[in-house]
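Scroll down for the structure; my scribbles are underneath it.
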Amino acid sequence: MKRLVHLLTALVAVIVSPFLPPALGVTMRSGAAFVGSGNQDTRPGDWDGVLKMLDPDLSKFTSFMMKFANTEVTDPKFNQFEDQDVPLWSQVNAGTLTSGTTTISTDDGTVFAADFRVLIPRTGEIFLVGAVSTNDLTGCTRGHSGTSAAALLDNDYLLVLGEIVYEMDTVGTVKTTVPTTVYNYCQTFRKAWSASGRNLVTGKRTIADDVRDKKLALRNMKRDMEHALRFGTRYTTGSGTTTQMYTGGFEYYVTTNVYQANGYLTEPFLLAACKDVFTYGTATKKLCFAGPEAMAQLAALGMLADTVISADDKDRNWLGMDIRQFISPFGTLDFVWDKTLMNGYADRIHIVDVNHISIATLRGRALDYKEVKGRSGTDTTFLDGTIGEYLSDRGLKIDNEKVHAVIKGCTTVAPT
């Protein structure tokens, strides 16, 4: 009987309790709980312990060269000599000249000397130079070596075949070149971070401030370095402790092979660029860093090979980045999408001969890191926290800029 009474009492309590006022100081709730109910501080939350950062990979050019092409220098101003073969080509710099004209104006008279035999490829004529006056070839003997004289046109090519030589002749004209000095500077790159003593001991949902800020400082220094090595201008000012040195970047040095796409790329345009850029150097492949607009055009116009050479393909991929290729009869261009070339540089393609470019690193300054922590020693001016700084001295080293190229103006996809 007691069990039955207890059972009935409990049943009545369950049925009636929702309609009774709550006891003093206690919040009674019925129905399913929802997210916004209750004291929110009691919710532990679900936080990822790893800080997710937007990483647009802004140091691909620098990271590649630090891995494959790094040169140590002992002076922040580093020099190198560049030389080239004695030139053998020039062009006519005049209007139409008759077959009897004996004075021929050229673009560069230093290519020639008296008694030089010169071939005109368009007509097959060979003429003999009498003398050179600045850029004018005077007293020329037309139709030499059994050839027939013919009229000349402006910009006709002229090829030096060498000088006339007699048996037992004396020494002829000596032609030589003077090496050119090319230099650049190592730029000092610095990036600091700091954290207060209170922040260092405060518990965080993610990684500690000092770890996060230290990583961020290094990433930002590499980004600054990347922009300097690509777009910087060589410059120095001041003296002594106020000296500033800035490195010249890729676009500063590459001045010969600079092409304007003027909207969209075409296959003939890219083939013409290949013809020029593969004329110099011995490489049969060149690396191309392409901005998003340039890369999109190449893909949209079907100018890249269908097969992507994956970074995982160690046998064929020497870059460690996914490669798409443009294959020409002059050489192959290995294209990678470069996110540094964005916004004002999204229309660019940087064609690089990796045999003629490197990062120059000042000896002992490859990457220096210093950290100062407070509350140590007897110094009464201690810092309540920690300050750290990364520092490096690096510059771009390019030899024979003619083996490289810059393409600009890839801004509109061609209509189909």
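Computed quantities for the displayed model
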item: Highest average packing first - 150-156, 245-251, Cβ atoms within 10 Å; result: 245-251, 150-156
item: Amide proton proximity set for Lys285, modelled H, under 5 Å, gap of 5+; result: Thr332
item: Neighbourhood net charge (11 Å Cβ-Cβ; Lys/Arg +1, Asp/Glu -1) for Asn155; result: -2
item: Gyration tensor (alpha-carbon) shape descriptor, segment 227-316, a/c threshold 1.5; result: prolate
item: Counted charge near Thr134, where neighbours are those whose Cβ lies closer than 12 Å (Asp, Glu -1; Lys, Arg +1); result: -3
item: Of Lys191/Lys370; Lys77/Lys222; Lys60/Lys397, those spanning more than 19 Å from alpha-carbon to alpha-carbon; result: Lys77/Lys222
item: Set of lysines with alpha-carbon distance to Lys285 below 18 Å, sequence-local pairs under 8 removed; result: Lys275, Lys314, Lys402
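Every read-out reported here was derived from the displayed coordinates using simple, explicitly stated rules and does not represent laboratory data. In this text the structure is predicted, and so the values were computed from the model without any measurement. Every residue, glycine as well, gets a Cβ built from its backbone with ideal geometry; the counts of neighbours run over all protein chains shown.
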